[in-house]
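Undergrad: So that we are looking at the same thing, I have put the structure below in structure tokens.
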Amino acid sequence: MAQERTGADILIETLSDLGVEVVFGYPGGAVLPIYDAIFKQERIRHILVRQEGGAAHAAEGYARSTGKPGVVLVTSGPGATNAVTGITDALMDSIPMVVITGQVPTALIGSDAFQECDTVGITRHCTKQNYLVKDPAELEGVIREAFRIATTGRPGPVLIDLPKDVQVAATAENRPRTSIGYQPQTEPDPKLIESAVEMIAAAERPIFYTGGGIINAGPAASEGLRELVKLTGAPVTSTLMGLGALPASSPFWLGMLGMHGTYEANLAMNQADLIICLGARFDDRVTGRLDAFAPHARKIHVDIDRSSINKIVSAELGIVADCDRAIAAMIATWKKHGHQAADLSKWFAQIDQWRAKRSLDFPKSTKEIMPQLAIRRLWEATRHRAPIISTEVGQHQMWAAQHFGFESPNKWLTSGGLGTMGYGLPAAIGAQIGNPDALVIDIAGEASIMMNIQEMSTATQYELPVKVFILNNEYMGMVRQWQDLTYQGRHSHSYSEALPDFVKLAEAYGWKGMRIEDPAALDDGISEMLAYNGPVMVDCRVAKLANCFPMIPSGAAHTEMILQANEVSGEMDDEAKALV
Amino acid sequence: MHIRTEVIERHTLSVTVANEPGILARIAGMFAGRGYNIESLTVAEVTEDESVSRITIVTSGAPETIDQIIAQLDRLPPVHRVHDLTAEGAHVERELALVKVKGTGEHRIEALRLAEVYRARVVDATISSFVFEVTGGTDKIDKFLELMREVGLVEVARTGVAAISRGHQTF
């Protein structure tokens, strides 16, 4: 007869057995038995955040930068609801995450008990799967299945709701889970790979369009992509989530595509005769106006999630597979047939003409710090250390994507799908926990940083040397930019009123606080930030009215890019206003 | 500005799922959240050990929407298999309706006569009312109800469609 274990002990032992080293959490009434079990052990490290939303984003940053699942532990009711934004964020960006929520005792479920909410009901549509466990004998099986579902197929968040009495109850029984029918397809159909390789070999104007799926497939997928690109000689663009899969220094790299992508990336998509989409999902921010999207191109779409294929754009060839497996199969098939890279010199000559537009150029100033310049200087000062960069959401995020060159995967943490302001600081904290020796920088905006500012205290507690580099333009810059573009500059509530003194705020939290105001002091300021062995918050005052270009306005085609501010018109029609 | 409309098709989907709490809410919520239509939905356990349920969903949408619905169902971890019975060919669809008709005299006699034509059974009778039980395809039931409206229909309960493929194949 096996020894009796409590639900809380089963949880800790199973997590530990699954290789979990860190849990991001916040205690409360409904998880006290679990916290007591945590107190009595040393295998799992608990990181105490300052709000449950911070725990979820920290787990995302940890997962994205290490490739391991992020684990969150929060209490019932408000603990769970506070975590919902981060859970949804993980669902949209396919981040492997397991969330353990406390629940009121089973006898009280449904009685509107103190700190009760219908957690499985609330999270049903923002998790890949969720469970309410009512019997400790089922707990280990559920946890193991939760990790399998969170980390395989298209990764995502899985939630386990655990009533307090189930945490306390002891059992010697361990009832394994019967199959629920979950079998993600990871191996590509070889016949489809043959067709894909034939299409690539025959293309005159091919382009790889890569996404977060390559990052999620692990570092081997990025290695594979580099080889496949070398073999085929085709240029590469990527979504926001896919940055780093191909080094930004590669001659095949065209930069990010989409709404704030480069001119060459978007024009190449528009003129290509073959698009090979690897682990991306034709998001509206990428395609622009759908009926004008890539009119000349046949499309190969590789995705581990069948529902992504033909969801937005119909593909001539859809391949359901893990990107890593599909790329490896394409490489093997290409070599087997002895294909040589086609002569794409005409295609690259055309691309070079688009590149000559220098679409990422920005106005120079000696009086103000241009935000783009600040990011370029930050990149140049840190690139040799291969930093991990997180961002908040808005103009600074797009500028970082445009101007910071990523050479390898898992270095870029940003909220792409959900677009969650407040993501960057907790994500940086999670990344620093998972990568203690790495340089971790949150490139932030002064508005976004306020959304999870409390997590500064977490960094202080665990002596995490994260750097927060705020591009402070005193506006919710992207909102203001859209108001300029579509609402004749009526800046309705987009001014950042009553900002704190970020230097004093940093000092209040035990951080180093700095302010950079003069372009001439930019490099020295960055050096000072990097030289400090501890957390630093930099209030970098940048040009207040700078806008993020190039830009494809909502509902416009790739060929209708706005390259500079003077091309901006004042008011858009209702059709355009209704688009997100 | 205008809201676009498209050609729509009606499809019957047969979905086998792990018989877990919340699975019906997950499926119904996925339809609601993504703006898909549910015309009818039935669910019941279908295996001896009660581990698998079959959900029959009648839905409608443009052909590419139907494809998406199937893919979206298929990616839910507790879903075992999704079959588009409409696309896969010969299958049988049945639903059952309980129909309460109130009246006396000629209406009452006519109701009984029509019920006989539609092979509806009388499952409850009083001096002034009948409850008929009728099974068949959705069209037959619709037609029966249309006729009953003329002769005193006062209340209807329908099960929604249950469907299964013809032939010896199973899934």
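Condition check ((1) closer than 30 Å to A:Thr66 by Cα; (2) among the aliphatic types (A, V, I, L, M)) across all residues:
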residue	(1), (2)
A:Pro163	no, no
A:Pro176	yes, no
A:Glu198	no, no
A:Pro206	no, no
A:Ile214	yes, yes
A:Gly218	yes, no
A:Ala221	yes, yes
A:Leu225	yes, yes
A:Leu231	yes, yes
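Undergrad: State which residue pairs qualify: first residue closer than 16 Å to B:Ala71 by Cβ and inside segment A:168-189, second residue in a loop (DSSP other than H, G, I, E, B) in any location, beta carbons under 7 Å apart, and separation of 6 or more residues or different chains.
TA: Partner pairs satisfying both residue conditions: A:Gly181/B:Pro78; A:Tyr182/B:Pro77; A:Pro184/A:Thr152; A:Pro184/A:Gly153; A:Pro184/A:Ile304; A:Gln185/A:Ala321.
Undergrad: Right, another one. Looking only at segment B:25-64, which residues are buried (at least 20 other Cβ atoms within 10 Å of the Cβ) and in contact with a Lys or Arg (Cβ under 9 Å, 6 or more places away or on another chain)? Working first, answer last.
TA: First, pick out the residues of segment B:25-64 that are buried (at least 20 other Cβ atoms within 10 Å of the Cβ): B:26-27, B:53-59.
Hits for segment B:25-64 are B:Arg26, B:Val58, B:Thr59.
Undergrad: Mind checking which helices (runs of 4 or more DSSP H) fall wholly inside segment B:20-100 and carry at least 1 residues that are over 17 Å from A:Arg124 (Cβ atoms) and not aromatic (Phe, Trp, Tyr)?
TA: Result: B:63-74, B:85-88.
Undergrad: Oh, and also: Can you name the condition, by its number, that A:Asp352 falls short on among (1) in contact (Cβ under 8 Å) with a residue 12 or more places away in the chain; (2) over 23 Å from A:Met97 (Cα atoms); (3) in a helix (DSSP H, G or I)?
TA: (1)
Undergrad: For segment B:29-66, name all the residues that are within 28 Å of A:Thr119 (Cβ to Cβ), more than 10 Å from every other protein chain (Cβ to nearest Cβ) and of a type in the set (Gly, Ala, Ser).
TA: Once the filter is applied, which keeps residues that are within 28 Å of A:Thr119 (Cβ to Cβ), more than 10 Å from every other protein chain (Cβ to nearest Cβ) and of a type in the set (Gly, Ala, Ser), segment B:29-66 yields B:Gly35, B:Ala44, B:Ser53.
Undergrad: If you scan segment B:82-114, which residues turn out to be in contact with a Lys or Arg (Cβ under 7 Å, 6 or more places away or on another chain) and within 14 Å of chain A (Cβ to nearest Cβ)?
TA: Answer for segment B:82-114, where residues must be in contact with a Lys or Arg (Cβ under 7 Å, 6 or more places away or on another chain) and within 14 Å of chain A (Cβ to nearest Cβ): there is none.
Undergrad: So in segment A:110-122, with the set limited to residues that are more than 9 Å from chain B (Cβ to nearest Cβ) and part of a helix (DSSP H, G or I), which one is nearest to A:Asp9 (Cα to Cα)?
TA: A:Thr119
Undergrad: Can you tell me which residue within segment A:483-493, out of those that are crowded, with 18+ Cβ neighbours inside 10 Å and not charged (D, E, K, R), is nearest to A:Gly394 (Cα to Cα)? Talk me through it step by step, then tell me what you get.
TA: Residues of segment A:483-493 that are crowded, with 18+ Cβ neighbours inside 10 Å, as a first pass: A:483-486.
Filter again for not charged (D, E, K, R), leaving A:483, A:485-486.
On the way: A:Gln483: 14, A:Leu485: 15, A:Thr486: 17 Å.
So, considering only residues that are crowded, with 18+ Cβ neighbours inside 10 Å and not charged (D, E, K, R), the one nearest to A:Gly394 (Cα to Cα) is A:Gln483.
Undergrad: May I ask you to say which residue of B:Thr138, B:Thr86, B:Thr126 is β-branched (Val, Ile, Thr) and surrounded by fewer than 16 Cβ atoms within 10 Å (Cβ to Cβ)? Lay out the reasoning, then the answer.
TA: Values: B:Thr138 fails: surrounded by fewer than 16 Cβ atoms within 10 Å (Cβ to Cβ); B:Thr86 fails: surrounded by fewer than 16 Cβ atoms within 10 Å (Cβ to Cβ).
Sole residue among the options that is β-branched (Val, Ile, Thr) and surrounded by fewer than 16 Cβ atoms within 10 Å (Cβ to Cβ): B:Thr126.
Undergrad: Here is a further query. Within segment A:123-148, can you find the residues that are more than 8 Å from every other protein chain (Cβ to nearest Cβ) and within 23 Å of the chain's Cα centre (by Cα)?
TA: Going through segment A:123-148, the residues more than 8 Å from every other protein chain (Cβ to nearest Cβ) turn out to be A:123, A:126-127, A:131, A:133-148.
Correct list: A:Thr123, A:Cys126, A:Thr127, A:Ala146, A:Phe147, A:Arg148.
Undergrad: Restricting to segment A:494-503, what's the tally of residues that are surrounded by 11 or more Cβ atoms within 10 Å (Cβ to Cβ) and in a loop (DSSP other than H, G, I, E, B)? Reasoning before the result, please.
TA: Here is the first cut: in segment A:494-503, the ones surrounded by 11 or more Cβ atoms within 10 Å (Cβ to Cβ) are A:494-496, A:499-503.
Imposing the further condition that a residue be in a loop (DSSP other than H, G, I, E, B) reduces the set to A:494, A:496, A:499-501.
The total comes to 5.
Undergrad: Oh, and also: Can you name the residue in segment A:149-170 that is more than 10 Å from chain B (Cβ to nearest Cβ) and charged (D, E, K, R) and, of all such residues, is nearest to A:Gln185 (Cα to Cα)?
TA: Per the stated criteria, the residue is A:Asp161.
Undergrad: Anything in segment A:277-300 that is under 21 Å from the mean Cα position of the chain (by Cα) and under 23 Å from A:Ala221 (Cα atoms)? List them, or say none.
TA: Taking segment A:277-300 first, the residues under 21 Å from the mean Cα position of the chain (by Cα) are A:277-288.
Of everything in segment A:277-300, those that are under 21 Å from the mean Cα position of the chain (by Cα) and under 23 Å from A:Ala221 (Cα atoms) turn out to be A:Cys277, A:Leu278, A:Gly279, A:Ala280, A:Arg281, A:Phe282, A:Asp283, A:Val286.
Undergrad: Of the residues in segment B:99-113, how many are surrounded by fewer than 16 Cβ atoms within 10 Å (Cβ to Cβ), in contact (Cβ under 8 Å) with a residue 12 or more places away in the chain and over 10 Å from B:Val151 (Cβ atoms)? Spell out the reasoning first.
TA: So the first thing to find is which residues in segment B:99-113 are surrounded by fewer than 16 Cβ atoms within 10 Å (Cβ to Cβ), and the list is B:104-107, B:109, B:113.
Next, only the ones that are in contact (Cβ under 8 Å) with a residue 12 or more places away in the chain stay: B:104, B:107.
If we keep only those that are over 10 Å from B:Val151 (Cβ atoms) as well, we get B:104.
Summing the residues that are surrounded by fewer than 16 Cβ atoms within 10 Å (Cβ to Cβ), in contact (Cβ under 8 Å) with a residue 12 or more places away in the chain and over 10 Å from B:Val151 (Cβ atoms) in segment B:99-113 gives 1.
For (1) within 19 Å of the chain's Cα centre (by Cα); (2) closer than 26 Å to A:Leu132 by Cα, each residue gets a yes or a no:
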| residue | (1), (2) |
| --- | --- |
| B:Gly29 | yes, yes |
| B:Ser40 | yes, no |
| B:Pro78 | no, yes |
| B:His83 | yes, no |
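Undergrad: Might you check whether a residue that is over 28 Å from A:Asp118 (Cβ atoms), of a type in the set (D, E, K, R) and within 9 Å of chain A (Cβ to nearest Cβ) occurs anywhere in segment B:67-81?
TA: Checked against the condition, which is being over 28 Å from A:Asp118 (Cβ atoms), of a type in the set (D, E, K, R) and within 9 Å of chain A (Cβ to nearest Cβ), segment B:67-81 yields at least one hit.
Undergrad: Just checking, does segment A:25-36 include any residue being surrounded by 19 or more Cβ atoms within 10 Å (Cβ to Cβ) and closer than 30 Å to A:Leu243 by Cα?
TA: yes
Every number in this text was worked out from the coordinates using simple rules, so none of it is lab data. Note that the structure is a prediction, hence the values are computed from the model and not measured. Neighbour counts run over all protein chains shown; Cβ positions are idealised from the backbone, glycine included.
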